[in-house]
Amino acid sequence: MHRIALSGSVIMSDPEKLPLLFSKKDISHIEIGEFPNEESFNDFLELVRKKNVTFGLHSPLYRNQSKNDLLQKIQYEPEQAWQQLEVEVNYMSQLGAEYILVHFPYFKEEQDIDTSAIIEDGIKRLVLLQEKYSTPIVCEPKLGLNKSTFGIRALDNFPIEIWDKYGIKLCIDIGDYLLATGDKAMDYIEKWKSHIKVVHLHNVEFHNNKYIWVPVHPSHEKDNTHFNVENLINKLSRSSNVFFVFEHTPHSNPTEAFVNEGISWVKEIIES
């Protein structure tokens with residue numbers, strides 16, 4: 001069974017707005033991270049228990065911790081990032097989180113390195129953590145600096161038979177994949193379909209050379225300014241037991257009706 005979920009990104013993990021994450025009828029799972037403090041995380045857990053929904057952690061748990069450093073230093077030394085991740089996996093296993101999601105592989109920019117060897121070393125460490133704490137780890141390949149596609153291409157070049165051997169699950173962020181590969185997105189994703197556990201749903205709008213995540217909505221399919229995502233969502237729904245996570249941000253001030261129409265639309269696509 002697929003699950004419809006909401007990301008903390010829709011409120012930018014603002015503690016004041018946490019109840020909004022639990023107010024939609026079709027949402028049975030929340031994916032969130034980057035809490036400002038422990039108190040706000042405890043408030044979140046209280047709501048999870050009260051509303052009887054499941055949750056997954058989008059690492060890091062707290063703001064200003066390591067987010068992209070498992071393979072190379074971006075803000076933190078990789079060893080610090082791995083130590084932080086182990087603490088988080090241990091903690092989430094005690095709280096019964098469905099999974100922990102990490103940005104992996106993340107490479108800041110194009111460089112002349114053997115990415116497959118680096119990625120495999122990383123997967124081995126992730127598998128050890130997953131087994132030690134019996135909590136699934138989900139890898140989200142990401143665009144690097146200035147929309148660098150190097151990390152997404154590095155994953156694409158990684159031998160599927162080696163990934164099969166480790167069995168780590170993946171998150172496909174449709175915005176990142178569409179920005180990286182355009183209308184070839186499905187070709188890139190196809191290879192990984194038996195490993196997909198989470199899909200991040202949002203469309204993209206460009207404002208003054210910056211891009212923002214906006215809700216997916218059926219009106220985008222024919223307006224010639226947004227990516228077409230219906231076909232992609234349909235194909236992603238052929239993987240089994242996927243969490244479809246609405247991951248837009250509040251920057252475009254979407255109305256509640258607009259967001260709800262998008263949720264109903266996605267529900268129809270994945271149930272058909």
Across region 212-250, the tally of residues that are more than 14 Å from LYS267 (Cα to Cα) and exposed (fewer than 14 other Cβ atoms within 10 Å of the Cβ) stands at 6
Among (1) in contact with a Lys or Arg (Cβ under 7 Å, 6 or more places away or on another chain); (2) open to solvent by less than 30 Å² (accessible area, probe 1.4 Å); (3) closer than 25 Å to GLU271 by Cβ, ILE189 falls short only on (1)
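Go through the residues of region 86-104 one by one and say whether even a single one is closer than 19 Å to LYS67 by Cβ, open to solvent by 60 Å² or more (accessible area, probe 1.4 Å), of a type in the set (A, V, I, L, M, F, W, C) and without any contact (Cβ under 8 Å) to a residue 12 or more places away in the chain.
yes
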Test result for LEU178, aliphatic (A, V, I, L, M), touching a residue at least 40 places away in the same chain (Cβ under 8 Å) and touching a Pro at 6+ places or on another chain (Cβ under 8 Å):
no
- [ ] With the condition kept exactly as written, say whether any residue in region 21-38 is modelled with pLDDT of 95 or more and over 26 Å from ASN253 (Cα atoms).
- [x] yes
Within region 25-68, restricting to residues that are acidic (Asp, Glu) and touching a residue at least 40 places away in the same chain (Cβ under 8 Å), the one that is nearest to PRO105 (Cα to Cα) is GLU31
Original post:
Would you say LEU71 is out of contact with any Leu (no Cβ under 7 Å at 6 or more places or on another chain), open to solvent by 10 Å² or more (accessible area, probe 1.4 Å), aliphatic (A, V, I, L, M) and without any contact (Cβ under 8 Å) to a residue 24 or more places away in the chain?
Top reply: no
Over region 11-27, the set of residues touching a Ser or Thr at 6+ places or on another chain (Cβ under 7 Å) and open to solvent by less than 60 Å² (accessible area, probe 1.4 Å) is PRO15
Result of the Cβ filter at 7 Å on region 220-231, keeping first residues that are free of Cβ contacts under 8 Å to residues at least 60 places away in the same chain and partners that are of a type in the set (A, V, I, L, M, F, W, C) and assigned to a helix (DSSP H, G or I), at least 6 apart or interchain, is PHE227/LEU178; VAL229/ILE174; GLU230/ILE269
The condition of being under 28 Å from ALA97 (Cα atoms) and exposed (fewer than 12 other Cβ atoms within 10 Å of the Cβ) holds, among GLU131, GLU161, GLU140, GLU120, only for GLU131
Across (1) under 19 Å from the mean Cα position of the chain (by Cα); (2) within 19 Å of ILE118 (Cβ to Cβ); (3) surrounded by fewer than 15 Cβ atoms within 10 Å (Cβ to Cβ); (4) not aliphatic (A, V, I, L, M), ASP156 clears everything bar (3)
Note on LYS165: of the conditions (1) modelled with pLDDT of 95 or more; (2) more than 21 Å from ASP114 (Cα to Cα), unmet is (2)
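Any residue at all in region 114-128 that's of a type outside the set (D, E, K, R) and not in a helix (DSSP H, G or I)? Walk me through how you get there before you give the answer.
First, pick out the residues of region 114-128 that are of a type outside the set (D, E, K, R): 115-119, 122-123, 126-128.
From the residues that got through so far, the ones that are not in a helix (DSSP H, G or I) too are none.
Checked against the condition, which is being of a type outside the set (D, E, K, R) and not in a helix (DSSP H, G or I), region 114-128 yields no hits at all.
The values are calculated or read from the model by the stated rules, or taken from the named source; none is laboratory data. All of these numbers come straight from a predicted model, not from anything done at the bench. All Cβ positions, even for glycine, are placed from backbone atoms using ideal geometry, and neighbour counts span all protein chains on display. Accessible surface areas use protein heavy atoms only, side chains included; no ligands, DNA or RNA. Shrake-Rupley method; radii C 1.70, N 1.55, O 1.52, S 1.80 Å.
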